[in-house]
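Structure first, commentary second.
Read-outs: derived from the displayed coordinates by stated rules, not from any lab. In this text the structure is predicted, and so the values were computed from the model without any measurement. Neighbour counts are summed over all protein chains in view; Cβ atoms, including those assigned to glycine, are modelled from backbone coordinates with ideal geometry.
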Amino acid sequence: MKRTFFAVTPDAQTCIEVDKWCALCWPQLQRRVAVQNYHVTLAFLGDTSDKQQQLFEEYFESCNIQAFSLILNDLGFWPDSSVLWLAPKQVPAGLLSLADSCKRIANRAGLKVNRRSYQPHLTLARKTTMPPAMPLLEPDFRFEVDSMQLYESIMDRDGVRYRELRCWRLLS
Ligand code: 2AM
């Protein structure tokens with residue numbers, strides 16, 4: 001069994017820009033997410049078998065989802081989980097339909113996806129002790145979503161890391 005999730009990932013240049021912006025705005029911010037771990041979850045799947053992973057292959061064949069642009073221009077903090085995040089002010093229809101397809105595919109493979117309403121976000125820091133001050137520069141990061149990934153979440157002594165298991169191209 002692997003602990004997996006579907007996600008979209010900003011391109012490397014955007015990840016670096018977000019990371020630099022974050023360091024510039026809050027040099028003291030604790031427990032920042034590593035730049036190589038930046039992603040926007042589409043559906044968290046939890047324990048997934050190899051058989052279920054094989055089923056995703058078949059199911060994705062029938063998903064014809066068009067590439068779209070995503071703009072991360074909203075910043076927020078969830079006090080319950082102490083998560084600092086970036087999100088789109090306007091969630092593009094493409095992202096919602098992708099998340100919906102992931103949920104359907106997971107369900108067809110017998111996996112239960114969290115029923116809570118979908119709140120797309122990119123986590124910048126976890127378990128921070130307090131919300132940081134307003135940033136000097138408003139976030140405004142735009143990138144093209146032309147693929148989606150299946151990741152394995154691995155905990156080791158250095159913390160969490162995400163291993164790409166599969167990448168599917170969206171229609172251009
Ligand atoms: P987070 O960034 O808000 O913590 C991998 O763990 C990804 O799946 C993270 O982006 C995490 O969201 C998200 N996720 C959603 N539901 C989860 C759950 N029940 N357990 C762990 N991660 C979850």
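With springs only between Cα atoms under 10 Å apart, run a GNM on the chain and tell me which of Q28, Q149, Q119 wobbles the most.
Q28
Around A125, under 10 Å between beta carbons, what's the net of Lys plus Arg minus Asp minus Glu among the other residues?
+4
Using the 10 angstrom Cβ neighbour count as an exposure proxy, how do T14, T9 rank, fewest first?
The most exposed by this proxy come first: T14, T9.
Take the Cα radius of gyration of segment 2-169 and divide it by 2.2 N^0.38 Å, with N its residue count; two decimals is plenty.
Working: Rg = 16.0 Å, N = 168, 2.2 N^0.38 = 15.4 Å.
With N residues counted in segment 2-169, Rg over 2.2 N^0.38 Å equals 1.04.
Tell me, D19, D80 in order of fewest to most beta-carbon neighbours within 10 Å?
The order, fewest Cβ neighbours first, is D80, D19.
If you place +1 on the Cβ of every Lys and Arg and -1 on the Cβ of every Asp and Glu, how big does the dipole about the Cα centre of the chain come out, in debye to the nearest 20?
Working: 21 positive and 19 negative charges, 121 e Å.
Once rounded to the nearest 20, the dipole reads 580 debye.
May I ask you to sort V83, V40, V91 by Cβ crowding, counting other Cβ atoms within 10 Å and putting the fewest first?
Listing V83, V40, V91 from fewest to most nearby Cβ atoms yields V91, V83, V40.
Of the trypsin sites (Lys or Arg not before Pro) in segment 70-157, which ones lie in a loop per DSSP and count no more than 16 other C-beta atoms within 10 Å?
Qualifying residues, ordered by number: K89, K112, R115, R116, R126, K127, R157.
Filter K20/K103; K20/K51; K51/K89; K89/K127; K20/K112 down to the pairs with a C-alpha to C-alpha distance above 31 Å, please.
K20/K103; K20/K51; K51/K89; K20/K112
If you take every residue apart from A67 with its C-beta less than 12 Å away from the C-beta of A67, what net charge results, scoring Lys and Arg +1 and Asp and Glu -1?
Cβ neighbours under 12 Å give a net charge of -1.
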